[in-house]
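Novice: The following block contains the structure, expressed as structure tokens.
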Amino acid sequence: MRPYLTVIYDSFHEAFVSRVLYILLLALTLVLLAIAPLGYEIKRMVQLHRMSIRDVPSFVNELRQQEKSEGENPGKRIVALAGGPLKELVNANEDTRFNGNQMGDVVDGLNDVLAKKEFYSEEAWKDVKLGEETKVLLKKGPEELTGDDLSYFNRLLMRDAYPVFLGNVPAEQLYLTYPLLWEPLPLPITQDMFEMTVKYMLTGFIDLFVGMIAIFVAILVTAPIMPRTFEPGAIDLLLSKPISRSLLILAKYLGGCAFVLLSVTYFLVGLWLIVGWRFDIWSNSLLLCIPVFVFQFAIYYCVSVLAGVMWRNSIVSIVVTVLFFYACFGIGFLKTSVFEPFIINPTRLVRVVDTDEGLVGVTQVGQFVQWNESLNAWEVVLQSERRGPENFAMQSILIGPIYNAPTQSMMYLQQPTGGGPRRRGGSTSFMTAKWSGNWVAEEGPDPPTGASWILQDAKDNVFVVSSAGVFLHEGDGTQKKAKFLGFDIPLGGNNAFKRLGPSQGVPYFPPFAAAIDPSSDRLLIENQGTLYLLERDPKKGYVVATEAKRDGEGETAVGLTGKIAVVADAKGNIELRDAQTLEVQKSFRPAGDTPPSSVETSRDGKFVAVLFHDGALWLYDAEAGKGSRIDSDASAMAFDDDKLIFADNKTRVQVRSLSSGETLETYWPQSDWWRFTYDWVIEPVYYVFPKPGELNNLLKYLVTDESTSSFQGPQSTGDLREVRMADNIVMPVVHNMIFICVMLGITCFYVSRLDL
């Protein structure tokens, strides 16, 4: 054993004396010293920022309505004290489309008002329910408050007056600090989001400095190790010892990896200490990234070793390793950055709905497609409103659709993409699509502020659940219009929605979850860790019949039947609760920690289906008391009487009988040339090829404990209905391990046959 340890030590020493290594260590040290002074501090939230206001256009419209009303109210106080830009927006036409600069004017105007001592008026706030903290400051006397105390008090007043728009504003503000260089920089995130944000930034930071720069330098440093082994005199001395050629190669290989192990450990331990010391985030999982980066280097180094043995030239070894890197990058780029975002994902079905005119699906980019039996293909029948490039439109902006049989129409909520111009009166459209030889969509009345769910009960009544509560849709879904000089003028849009309560639990802060019992009109709402079971009273509307706290935190998807309530959280846990008491009866975890995308229940309440972001489709039989995974590549699902309809990522749709479990019908479109190339060339090659780049998913999972990524990136709201790509963190490790073993096996076999 001692000879092999000596070889490993010699390999490590040979790399350690390289000048390039010292340059790398110096660069890593300078990076650590540069970020060490970074810190943060917490202050009271005395100003608003863009993320503080939910639905800016609707908020301005609310100020406009209060400005026109009689008597004193908070809106009139804001407009009276506001600067010119905000006052102009309030007095502008309701059809004004908001851009980024105008939204900034709203925030700046409100911040100016917060500094006004005369903001509070007893007459204006007489009908506003004040919070406990506001009452305490009010007793001290607003006239006695100055500076930040006054701004904080006015912000509380504004929050109490507009809980739907400002109710989720945190009480404290985070500031990033860096000594001697800048004033504390306010961060547009809450304290609850701070730790996760730091972890996400760490993931990208160490991937850049370690995963790319450090590993590339390590390849340069270790590339000469193997060619020098075969230099005259060196190989003779080594083989004179009682060691085998294969174990000699493996010992040299481990020596190079040991060198990288120490280099990566030096940087990540230093980073771990700085983050823990300066941000009080002792992320022990950060230390688990050390073996990940060593493993990533080992993939490239096994190629370098084989090239060094075959050509015995360090330059050739480096060139071959770089070419291998580009080959891995090219295959991954073709799959994940060309074929999937531009060809495969745009046609992926994320909604299915059975209509009287046939089966309709909604693609990831918002196209409505209907099955054409004669063409054996999905035919585009309706294009939803989008802003921005077609292939990058986010499906999370479309809520629904539901099919309303009495009006023979599909109804859905259309939200604008982040960063796009805002529509008249708000950020959400209520859309109705009717059949006239083709599906034709028409914008309906303005939905309530914060509309997030559209549901339908057993009597085909349509409900919209918004931040302000539950609203019944009255009418046929179209906007009533009048003619003036040949132009259509909308009339009475908001009167089409009648608020039915409740008075408890609102406002609902997004992203909240809602579901309706298909056999009745009972509703289940989950908002910030609290479950509300709503029942409809003929006189009072919806009232909270049962309220229960969840043990976990984070976003959920919910479902409701006559007997059970289903709660699926972002960690993959599924709770079956009693439909009356909301007490937990059973718990499942059928897809690991993968978050769900949707929960559906059959109309008779016998079956529950949960779709996960990794494609797993789980069906639970309530009468039998057991669940099973029925598909691993699903992308959409829906119940239709005694049938379950579900689509997969190949745009194939199956209709399965719930009673017998048999497949009744299959919609399988013919593949075009691009799809055929992806299925039979790109995907197989990618599957067998090594995937060193995909170890970044394992890195992200270790640091952030998340195995999915939102398709919207920084514009994500956290809603589980958003399109998310599930990252497989196991298979890349297995494939890369197999590749390393194969490459080292080939190298050892080649050396054993050499005439030395």
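The values are calculated or read from the model by the stated rules, or taken from the named source; none is laboratory data. Here the structure is a predicted model, which means the values were calculated and not measured. Backbone-built Cβ (ideal geometry, glycine too); neighbour counts: all protein chains shown. To get the accessible areas, we keep the full protein, side chains included, count just its heavy atoms, and leave off ligands, DNA and RNA. Shrake-Rupley method; radii C 1.70, N 1.55, O 1.52, S 1.80 Å.
Novice: Need the failing condition index for GLU231 against (1) within 21 Å of GLY270 (Cβ to Cβ); (2) assigned to a loop (DSSP other than H, G, I, E, B), just the number.
Specialist: (1)
Novice: Just the residues that are of a type in the set (S, T, N, Q) and more than 26 Å from PRO406 (Cα to Cα), please, taken from segment 332-374. Give the derivation first.
Specialist: Restricting attention to segment 332-374, the residues satisfying the condition of being of a type in the set (S, T, N, Q) are 336-337, 345, 347, 355, 363-364, 367, 370, 372, 374.
Hits for segment 332-374 are THR336, SER337, ASN345, THR347, GLN364, SER374.
Novice: Among the numbered conditions (1) in a strand (DSSP E or B); (2) in contact (Cβ under 8 Å) with a residue 40 or more places away in the chain; (3) surrounded by fewer than 21 Cβ atoms within 10 Å (Cβ to Cβ), tell me where GLU183 comes up short.
Specialist: Evaluating GLU183 over (1) in a strand (DSSP E or B); (2) in contact (Cβ under 8 Å) with a residue 40 or more places away in the chain; (3) surrounded by fewer than 21 Cβ atoms within 10 Å (Cβ to Cβ) leaves (2) as the failure.
Novice: Quick check on segment 539-557. Is at least one of its residues surrounded by 14 or more Cβ atoms within 10 Å (Cβ to Cβ), more than 22 Å from VAL506 (Cβ to Cβ), among the polar types (S, T, N, Q) and more than 23 Å from the chain's Cα centre (by Cα)?
Specialist: No.
Novice: In the list SER317, SER285, SER304, which residue meets the criterion of being touching a Pro at 6+ places or on another chain (Cβ under 7 Å), part of a helix (DSSP H, G or I), closer than 30 Å to ILE738 by Cα and polar (S, T, N, Q)? Please lay out each step first, then the result.
Specialist: Details: SER285 fails: touching a Pro at 6+ places or on another chain (Cβ under 7 Å); SER304 fails: touching a Pro at 6+ places or on another chain (Cβ under 7 Å).
Of the residues listed, the single one that is touching a Pro at 6+ places or on another chain (Cβ under 7 Å), part of a helix (DSSP H, G or I), closer than 30 Å to ILE738 by Cα and polar (S, T, N, Q) is SER317.
Novice: Right, next: Checking the conditions here, which among LEU261, LEU254, LEU288, LEU273 is out of contact with any Lys or Arg (no Cβ under 8 Å at 6 or more places or on another chain), among the aliphatic types (A, V, I, L, M), over 27 Å from PHE329 (Cβ atoms) and open to solvent by 10 Å² or more (accessible area, probe 1.4 Å)? Show your work before the answer.
Specialist: Details: LEU261 fails: over 27 Å from PHE329 (Cβ atoms); LEU254 fails: over 27 Å from PHE329 (Cβ atoms); LEU288 fails: over 27 Å from PHE329 (Cβ atoms).
Sole residue among the options that is out of contact with any Lys or Arg (no Cβ under 8 Å at 6 or more places or on another chain), among the aliphatic types (A, V, I, L, M), over 27 Å from PHE329 (Cβ atoms) and open to solvent by 10 Å² or more (accessible area, probe 1.4 Å): LEU273.
Novice: Would you mind listing the helices (runs of 4 or more DSSP H) fully within segment 596-714 where at least 1 residues are open to solvent by less than 10 Å² (accessible area, probe 1.4 Å)?
Specialist: On the way: elements: 673-677, 683-688, 695-704.
Passing ranges, in order: 695-704.
Novice: Within segment 308-327, which residues are closer than 22 Å to ILE213 by Cβ and either hydrophobic (A, V, I, L, M, F, W, C) or in contact with a strand residue (DSSP E or B) (Cβ under 8 Å, 6 or more places away or on another chain) (or both)? Please lay out each step first, then the result.
Specialist: The first filter runs over segment 308-327 and keeps only residues closer than 22 Å to ILE213 by Cβ, leaving 314-315, 317-327.
Within segment 308-327, ILE315, ILE318, VAL319, VAL320, VAL322, LEU323, PHE324, PHE325, ALA327 qualify.
Condition check ((1) over 27 Å from PRO448 (Cβ atoms); (2) aromatic (Phe, Trp, Tyr)) across all residues:
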{"residue": "PHE153", "(1), (2)": "yes, yes"}
{"residue": "ALA161", "(1), (2)": "no, no"}
{"residue": "PHE165", "(1), (2)": "no, yes"}
{"residue": "GLU172", "(1), (2)": "yes, no"}
{"residue": "LEU176", "(1), (2)": "yes, no"}
{"residue": "ILE189", "(1), (2)": "yes, no"}
{"residue": "GLU195", "(1), (2)": "yes, no"}
{"residue": "VAL198", "(1), (2)": "yes, no"}
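Novice: Residues to consider are LEU63, LEU81, LEU86; find the one that is open to solvent by 10 Å² or more (accessible area, probe 1.4 Å) and of a type in the set (A, V, I, L, M).
Specialist: On the way: LEU63 fails: open to solvent by 10 Å² or more (accessible area, probe 1.4 Å); LEU86 fails: open to solvent by 10 Å² or more (accessible area, probe 1.4 Å).
Selected residue: LEU81, the only one of LEU63, LEU81, LEU86 that is open to solvent by 10 Å² or more (accessible area, probe 1.4 Å) and of a type in the set (A, V, I, L, M).
Novice: Please go through segment 17-57 and give me each residue that is hydroxyl-bearing (Ser, Thr, Tyr) and either in a loop (DSSP other than H, G, I, E, B) or under 24 Å from GLN173 (Cβ atoms) (or both), ordered by number. Break it down into steps so the answer makes sense when it comes.
Specialist: Just the residues of segment 17-57 that are hydroxyl-bearing (Ser, Thr, Tyr), to begin with: 18, 22, 29, 40, 52.
Listed by number, the residues that qualify are SER18, TYR40, SER52.
Conditions (1) of a type in the set (A, V, I, L, M, F, W, C); (2) in contact with a His (Cβ under 6 Å, 6 or more places away or on another chain); (3) modelled with pLDDT of 80 or more, marked per residue:
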position	(1), (2), (3)
GLY233	no, no, no
LEU238	yes, no, no
PRO242	no, no, no
ARG245	no, no, no
LEU248	yes, no, no
VAL260	yes, no, yes
SER263	no, no, yes
ILE274	yes, no, yes
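Novice: GLY592: surrounded by fewer than 17 Cβ atoms within 10 Å (Cβ to Cβ) and at positive phi, yes or no?
Specialist: On the way: surrounded by fewer than 17 Cβ atoms within 10 Å (Cβ to Cβ): yes; at positive phi: yes.
Spelling it out, GLY592 is indeed surrounded by fewer than 17 Cβ atoms within 10 Å (Cβ to Cβ) and at positive phi.
Novice: Taking the criterion of being touching a residue at least 60 places away in the same chain (Cβ under 8 Å) and among the small types (Gly, Ala, Ser), would at least one residue in segment 609-618 satisfy it?
Specialist: Restricting attention to segment 609-618, the residues satisfying the condition of being touching a residue at least 60 places away in the same chain (Cβ under 8 Å) are 612-615.
Cutting the leftovers down to among the small types (Gly, Ala, Ser) gives us 615.
Yes, segment 609-618 has at least one match.
Novice: Can you tell me which of (1) small (Gly, Ala, Ser); (2) within 20 Å of LEU81 (Cα to Cα); (3) within 35 Å of the chain's Cα centre (by Cα) is the one SER121 doesn't meet?
Specialist: Of the numbered conditions (1) small (Gly, Ala, Ser); (2) within 20 Å of LEU81 (Cα to Cα); (3) within 35 Å of the chain's Cα centre (by Cα), the odd one out for SER121 is (3).
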